[in-house]
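Undergrad: Quick one: the structure is below, questions incoming.
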Amino acid sequence: MDRPVESTIRAKLSRALVPTHLEVQNESHLHAVPAGSESHFRVVVVSRCFDGLPLVQRHRLVNEALREELASSVHALSIQAKTPEQWSSDPSLAKSPPCMGGSKHDPGMAGRLRGDGK
């Protein structure tokens, strides 16, 4: 299956942060979006680039690398940004927050989900 947004996210994070571990998970199917969407992602990035940086700066690095995608096709991005030492001592993954269903209250999105575009 073709996943251009997922592939782009993986490539951009690999180039920008040279991770020792990278996971990119499309979680769109957990949300009120059309089947096959690439709009909700979760990333786990382990990189030396994060050494000595507070969490907010780590997230800014990820967001900067994915600026174009966040301004267009990506609606939500869950980020876990760890140093290699943090990852080796605790490789557990935080659970993504549940969908609050915001899109299902949007008449335009409801139409796209039904397939009638209204």
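The values are calculated or read from the model by the stated rules, or taken from the named source; none is laboratory data. If you're wondering where the values come from, they're calculated on a predicted model, not measured in any experiment. Using ideal geometry, Cβ is built from the backbone for each residue, glycine included, and neighbour counts are taken over all protein chains shown.
Undergrad: Condition test on residue 68, is it among the acidic types (Asp, Glu), touching a strand residue (DSSP E or B) at 6+ places or on another chain (Cβ under 8 Å) and surrounded by fewer than 18 Cβ atoms within 10 Å (Cβ to Cβ)? Even if it seems obvious, please write down each step before you answer.
TA: Working: among the acidic types (Asp, Glu): yes; touching a strand residue (DSSP E or B) at 6+ places or on another chain (Cβ under 8 Å): no; surrounded by fewer than 18 Cβ atoms within 10 Å (Cβ to Cβ): yes.
So residue 68 does not fit the description; no.
Undergrad: Taking the options 71, 94, 76, 32, name whichever one is among the small types (Gly, Ala, Ser) and modelled with pLDDT of 90 or more.
TA: Details: 94 fails: modelled with pLDDT of 90 or more; 76 fails: modelled with pLDDT of 90 or more; 32 fails: modelled with pLDDT of 90 or more.
When all the criteria are applied, what remains is 71.
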